[in-house]
Ligand code: CUA
């Protein structure tokens, strides 16, 4: 295989590996994304067919123009225009114009049909459908679950859990600029505006971990505004929700107790809240169950000790422009603080 062929094969492989997985519109995990994929497939194959036809006629034309150039140029006479071959050509062009109009009309109808189908999926929510309030911020997601009394409210950040087989309503709002929620395995994009609520119904039909991404340029860290979505059986979902509803765990070890004191006496409480303590600020993510989250910094890093320490000491290194400032904890204080934060399951 020559180097050029190898490069082509490698590129094709890279493109194909990007077509499935936890963040792909070509691997739908719910009915809404399934309908969108059907629409995409009809657009793709029709456009592919038209592209191949255009290429064939272009090559035919190129090969014939070479032959025509050898003949001496002459004016078309009235007799030429009336010749059977030109009449056939006129019919041919007419037929293709007609086919083009039919294709465009079909694509418009398919587009409207998909929209109607997606809206009808939202029309029959079950009584146990949870409602999620999603708030976009520079550059993270606040996720709240509402069900009945306000004491039942759950607030988390950069993660969403969905019960499979149940449609879930997501009400959206932004606190600053326009963001856009996009979980390609589950639905198309939906913008979040300041002072203008929008909503979306999604449903996951199989368990799995998926990723959502902000899809509207919203500033310096737009690319690091991700979210982990866990789709699980309804029983597991309710177990998770019940655990999230609990106030934070009381520190058990001496180190954790020192860590809590450091947290509650430092500037951390100017932005964060931990339910069950006097930390009640809402500028930054709620940390009540921080240790139960798979990732930190809106999907930028795995939630492990090294990354958490790096994030606390120098968040600007991980996400330049993030609203979290740098902190100068001495090593002992940092160790205690990490022990406390890691106990917040
Ligand atoms: Cu938020 Cu891009």
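What is the spin-label model distance, in nm, from residue 302 to residue 193 if the labels are put 7 Å beyond Cα along the C-beta direction?
4.1 nm
Hey, how many Å between the Cα centroid of the range 280-336 and the Cα centroid of the range 92-110?
56 Å
Hey, can you rank 232-238, 213-219, 200-206, 92-98 by average C-beta count inside 10 Å, highest first?
Numbers: 232-238: 14.6, 213-219: 18.3, 200-206: 21.1, 92-98: 10.3.
Ranking the peptides 232-238, 213-219, 200-206, 92-98 by packing returns 200-206, 213-219, 232-238, 92-98.
How many nm separate the modelled label positions at residue 206 and residue 345, each set 7 Å beyond the Cα in the direction of the Cβ?
3.1 nm
What is the distance in Å between the Cα centroid of the range 176-203 and that of the range 23-58?
23 Å
Defining a contact as two alpha carbons under 8 Å apart and six or more residues distant in sequence, what relative contact order in percent does the range 170-286 show?
Details: 164 pairs, mean separation 19.2, N = 117.
Normalised by residue count, the contact order of the range 170-286 is 16 percent.
If you average the sequence gap of Cα pairs under 8 Å that are 6 or more apart and divide by the length of the range 178-232, what percent do you get for the contact order? Numbers along the way, then the final one.
On the way: 90 pairs, mean separation 20.2, N = 55.
With pairs under 8 Å counted, the relative contact order is 37 percent.
Test of understanding: what is the full-extension gain from residue 100 to residue 65, defined as 0.36 nm times their sequence separation minus their Cα-Cα distance? Write down the numbers at each step before the final one.
On the way: separation 35, 0.36 × 35 = 12.60 nm, distance 2.54 nm.
Answer, rounded to one decimal: 10.1 nm.
What FRET efficiency comes out for residue 277 versus residue 27 if R0 is 35 angstrom and r is the Cβ-Cβ distance? Round to the nearest 0.05.
Values: r = 41 Å, r/R0 = 1.18.
Between residue 277 and residue 27 the formula returns 0.25.
Helix 3-17 versus the longest principal axis of the chain: what is the Cα-based angle in degrees, 0 to 90, to the nearest 10?
It works out to around 60 degrees.
Stretched out fully, how many nm does the piece from residue 329 to residue 54 gain, at 0.36 nm a residue minus the Cα gap?
Working: separation 275, 0.36 × 275 = 99.00 nm, distance 6.57 nm.
Between residue 329 and residue 54, full extension yields 92.4 nm more.
Using only Cα atoms and rounding to the nearest 10 degrees, what angle (0 to 90) does helix 31-70 make with the longest principal axis of the chain?
30 degrees
Once you treat every alpha carbon in the chain as an equal point and sum by Debye, what is log10 I(q)/I(0) at q = 0.12, 0.13, 0.14, 0.15 Å⁻¹?
-0.95, -1.06, -1.17, -1.29
Is the shape of the range 133-210 best called rounded, prolate or oblate, per the rule: a/c under 1.5 gives rounded, else a/b larger than b/c gives prolate, else oblate, with a ≥ b ≥ c the square roots of the Cα gyration tensor eigenvalues? Present the calculation step by step, with values, prior to reporting the outcome.
Details: a/c = 1.72, a/b = 1.18, b/c = 1.46.
Note, shape of the range 133-210 comes out oblate.
Checking the a/c ratio against 1.5 first, then a/b against b/c, what shape does the Cα gyration tensor give for the range 207-266? Before the final figure, lay out the partial values.
On the way: a/c = 3.57, a/b = 1.31, b/c = 2.73.
Cα axes put the range 207-266 in the oblate bin.
Can you give the FRET efficiency for residue 146 and residue 252, using 1/(1 + (r/R0)^6), R0 = 22 Å, r = Cβ-Cβ distance, to the nearest 0.05? Show your work: numbers first, answer last.
Details: r = 31 Å, r/R0 = 1.43.
Calculated value: 0.10.
How high is the relative contact order of the chain, given as a whole-number percent (alpha carbon pairs under 8 Å, six or more residues apart)?
Working: 551 pairs, mean separation 52.1, N = 345.
It comes to 15 percent, rounded to a whole number.
For the chain, take the longest principal axis of its alpha carbons; what is the angle in degrees between that and the long axis of helix 254-265, to the nearest 10 within 0 to 90?
70 degrees
Quick check: from the Cα gyration tensor, does the range 214-345 come out rounded (a/c under 1.5), prolate or oblate?
On the way: a/c = 1.75, a/b = 1.05, b/c = 1.66.
In terms of gyration-tensor shape, oblate.
Values quoted throughout were computed directly from the atomic coordinates according to the rules given, and no laboratory measurement underlies them. Just so it is clear, the structure is predicted and the values come from calculations on it, not from any experiment. All Cβ positions, glycine included, derive from the backbone under ideal geometry; neighbour counts span all protein chains shown.
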